[in-house]
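Let me begin by presenting the structure, written as structure tokens, before commenting on it.
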Amino acid sequence: MPRHANHLYHEGPHNPFPGVKALERRLGREIPHRLGSNEGLDMPHTALSRRLGDEVAALARSYSDAEALGVRRRLSKHLGTSLDALLVDAGADSLIALVLRAICDPGCVVITSAGTYPTFRYFAQGQGCAVLEVSYQDRPGVLAPDLAALANAAASHRARLVYLANPDNPGGHLHDDQAIATLRRALPGDCTLLLDEAYHDFRQDAAAPDSGETWPGVVRVRTFSKAHGLAGLRIGYAIATPECIEVLQKVRIHYAVSSLAQVAAETVLDHADEVQAHIADVIDRRERLASWLRGLGGDVPNSATNFVALRMPSAEQAAQVNAELLDAGSLIHRPPHPALGHVLRISALEDALVPGHLAALEKVLRDTQ
């Protein structure tokens, strides 16, 4: 069984403020006179209403539903996942921090890939973990986390947790579900696999993007920031066994997700056709961008995300191109980790395909052909 942080092996703590929505559900009726929670319910919000509308002003006055039941019900229906296997929080980053808080004691070992999404390391170090990194598979046409190396390191160091972004950030590589299951079986029994699926919606493999299976020993973290376009509202969700969700609930901030964020997520989930059309457009742009870069001689591994990665001949050249593009007003991403300093990540936006917006990169690739 995967271990949790030592201090959580007892009854509680329990959320002291489950919220009015939860109380109304328990009573089976609405409470018309809300006189006890000390919100600013009588704030007129004239200026806010004028700028953003009456509905936003009304949502702003009240605490959110701490259980995010409306979002979870929609996710449950969409994913085929039970309600008690879903937890909604303030974006994938918040969920990563939450999992570390629930699973890891200070000093315990966590394993990750050298150069993957850096926020994991940032949070893990803040939790007092010992972070050990393994190298990517990094060769022409391939930039992918090394699952065997992750498993070996976890076994060698008795790791409490392994972090894997799948699809990967910044490489874009996708490991299929069979590979993930093999990784999970290779990990120590008390080790948790934290699977960051922020780009899951862009998958085109045999596993449907709306899959919401719970896998023992695995916490799957997703976001509404990418395919659903709600990055500024900070909302995401985790899929895990109900037993794991129960532990995560012990340490989460109960009102971390605002009323506005929940209503926005409910709205986009109710209009799945718009989301799917957007995903199709992104994939089309991603493939056009990859094709253009490859036509210039660029080394672009396959991507299952909303971006492409470009392997440059050297970190120095990647840094130079990145700086020249920034000077010209085009911001792309170069991973800060030295192990992937030779990589450039470019979002699959129409703006990236406008002639001249990547001129410095185009020049370098043409010159090196």
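The values are calculated or read from the model by the stated rules, or taken from the named source; none is laboratory data. Not measured: the values here are computed from a predicted model. Cβ atoms come from the backbone with ideal geometry, glycine included; neighbour counts cover every protein chain shown.
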Quiz item: Within segment 306-339, can you find the residues that are farther than 18 Å from ARG366 by Cα, out of contact with any helix residue (DSSP H, G or I) (no Cβ under 8 Å at 6 or more places or on another chain) and charged (D, E, K, R)?
Solution: ASP327
Exercise. Inspect segment 6-23 for any residue being more than 22 Å from ILE253 (Cβ to Cβ), at pLDDT below 95 and surrounded by fewer than 17 Cβ atoms within 10 Å (Cβ to Cβ) and give the result as yes or no.
Key: no
Quiz item: If we scan segment 161-172, do we find a residue that is part of a strand (DSSP E or B), in contact with a Lys or Arg (Cβ under 6 Å, 6 or more places away or on another chain) and of a type outside the set (Phe, Trp, Tyr)?
Solution: no
Quiz item: So, of the residues in segment 323-369 that are more than 26 Å from the chain's Cα centre (by Cα) and of a type in the set (D, E, K, R), which turns out to be surrounded by the most Cβ atoms within 10 Å (Cβ to Cβ)?
Solution: GLU362
Quiz item: Looking at PRO313, PRO355, PRO336, PRO301, which is the one that is farther than 30 Å from SER135 by Cβ and either among the basic types (Lys, Arg) or not assigned by TED's automatic domain parsing to the domain that holds LYS77 (or both)?
Solution: PRO355
Self-check item: Single residue of SER49, SER37, SER94 found to be assigned to a loop (DSSP other than H, G, I, E, B), more than 18 Å from PRO242 (Cβ to Cβ) and among the small types (Gly, Ala, Ser)
Solution: SER37
Quiz prompt | Selection count, segment 335-369, where residues are of a type in the set (Val, Ile, Thr) and touching a strand residue (DSSP E or B) at 6+ places or on another chain (Cβ under 6 Å) | solution = 2
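Okay, residues lined up against (1) surrounded by 12 or more Cβ atoms within 10 Å (Cβ to Cβ); (2) not assigned by TED's automatic domain parsing to the domain that holds ARG234:
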position: ARG25; (1), (2): yes, yes
position: PRO32; (1), (2): no, yes
position: SER49; (1), (2): yes, yes
position: ASP54; (1), (2): no, yes
position: ALA58; (1), (2): yes, yes
position: ALA68; (1), (2): yes, no
position: ARG74; (1), (2): yes, no
position: LEU79; (1), (2): yes, no
position: LEU83; (1), (2): yes, no
